[in-house]
Amino acid sequence: MEIERVYTGIPGFDELVNGGIPKRNIVLIAGGPGTGKSIFAMQYVYNGLIRGESGIYVALEEHPVQVRINMSQLGWDPKKFEEQGKFAIIDAFTGGIGEAAKREKYVVKSVDDVQTLIDVLRMAIKDLNANRVVVDSVTTLYITKPVIARTVVLQLKKLLSGVGCTSLLVSQVSITERGFGGPGVEHAVDGIIRLDLDELDGKLYRSIIVWKMRGTAHSLYRHPFEITSKGIQIYPKQTLKVYRQQAYTSEIRGEVNE
Ligand SMILES: Nc1ncnc2c1ncn2[C@@H]1O[C@H](COP(=O)(O)OP(=O)(O)OP(=O)(O)O)[C@@H](O)[C@H]1O
Ligand SMILES: [Mg+2]
């Protein structure tokens, strides 16, 4: 039987996962700083909006006003869809403090209690009848308490998957870390997409690899991608080989350690 998939519309990505992310999957989008996680997440939600779907962006790392600016910079105007009740940003960043925050409809005052976030998210999903949800970043919810990471992710999964949403959870990992956000989280999610930046001969190269995606076959290659003024463009027919030993020569390591 053909499974239902959510077409991300991110150029080149759907080819990597046989046509789209299986519906209801909770997918970790993991990577170091500046690798394109937030752009990937915004592009995923926005592409749903232009297809007539509804989406929610949970902002834990940036001010909602900044999220709107970042989207507009890439040519994705969220305002129209917010007015139509098709798109919402959940403000889990400001704590409700400041003039701009007073204008936000969905505010989570403290993220110390994940249940509050879950409750607001549930309400927003119902109001919008949303099917695409992004949490940027889920790491913020447990960075000071790694022991609760798995519980937090499972709570989110229970809600999101239960109401039929297909979701991206942004996971921040440090530059040197090759993992995705810790074992508890990595096994709890249905999919893992890893974005990388590797320095080779003094230049940074972007690449993407789908590490796991429950419910579908997917590419097992590392593919190059670009970020332009229109967002992410992946090259599914190209692969990138990263020779890490070569990238980090002893000379560079020496400089870093000094
Ligand atoms: N208009 C643009 N053209 C080309 N590249 C861009 C453009 N806008 C942003 N970028 C690139 O995207 C990067 C930021 O991407 P993004 O915000 O998605 O990173 P991130 O993975 O979310 O990082 P962090 O973990 O720090 O939040 C910038 O560092 C820059 O290299
Ligand atoms: Mg980000």
Given pairs 203/241; 145/212; 109/145; 157/237; 212/237 and cut-off 21 Å on Cα-Cα distance, the over-length ones are 145/212; 157/237
The range 72-137 shape via C-alpha gyration tensor axes, a/c threshold 1.5: oblate
Lys, Arg +1 and Asp, Glu -1 on Cβ, resulting dipole of the range 5-257 about Cα centre, debye, nearest 20: 740
Contact order normalised by length for the chain, with contacts defined as Cα pairs under 8 Å and 6 or more residues apart; what percent is it? 26
Rounded, prolate or oblate: pick one for the range 5-257, where a ≥ b ≥ c are the square roots of the eigenvalues of its C-alpha gyration tensor, a/c under 1.5 means rounded, and failing that, prolate if a/b is larger than b/c, else oblate. prolate
Which angle between 0 and 90 degrees, to the nearest 10, do you get for helix 114-128 versus the longest principal axis of the chain when only C-alpha atoms count? 70
So what's the gap between the Cα centers of the range 44-111 and the range 125-202, to the nearest angstrom? 18
Among 96, 208, 49, the residue whose Cα sits farthest towards the positive end of the charge dipole of the chain (+1 at Cβ of Lys and Arg, -1 at Cβ of Asp and Glu, taken about the Cα centre) is 49
Sort 204, 154 by Cβ crowding within 10 Å, fewest neighbours at the top. 204, 154
Antiparallel DSSP bridges in the chain: what percent, to the nearest 5? 40
Taking Cα atoms only, helix 37-49 is inclined relative to the longest principal axis of the chain by an angle, in degrees rounded to 10, of 50
For each of 106, 44, count neighbouring Cβ atoms within 10 Å of the residue's Cβ, then give the residues from fewest to most. 106, 44
Report, in degrees rounded to the nearest 10, the 0 to 90 angle that the Cα long axis of helix 149-162 makes with the longest principal axis of the chain. 60
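Quick note: the coordinates plus some simple rules give every number you see, no bench work behind them. As the structure is a prediction and not an experimental result, all values here were calculated from the model. Glycine gets a Cβ as well: all are built from the backbone with ideal geometry, and neighbour counts include every protein chain shown.
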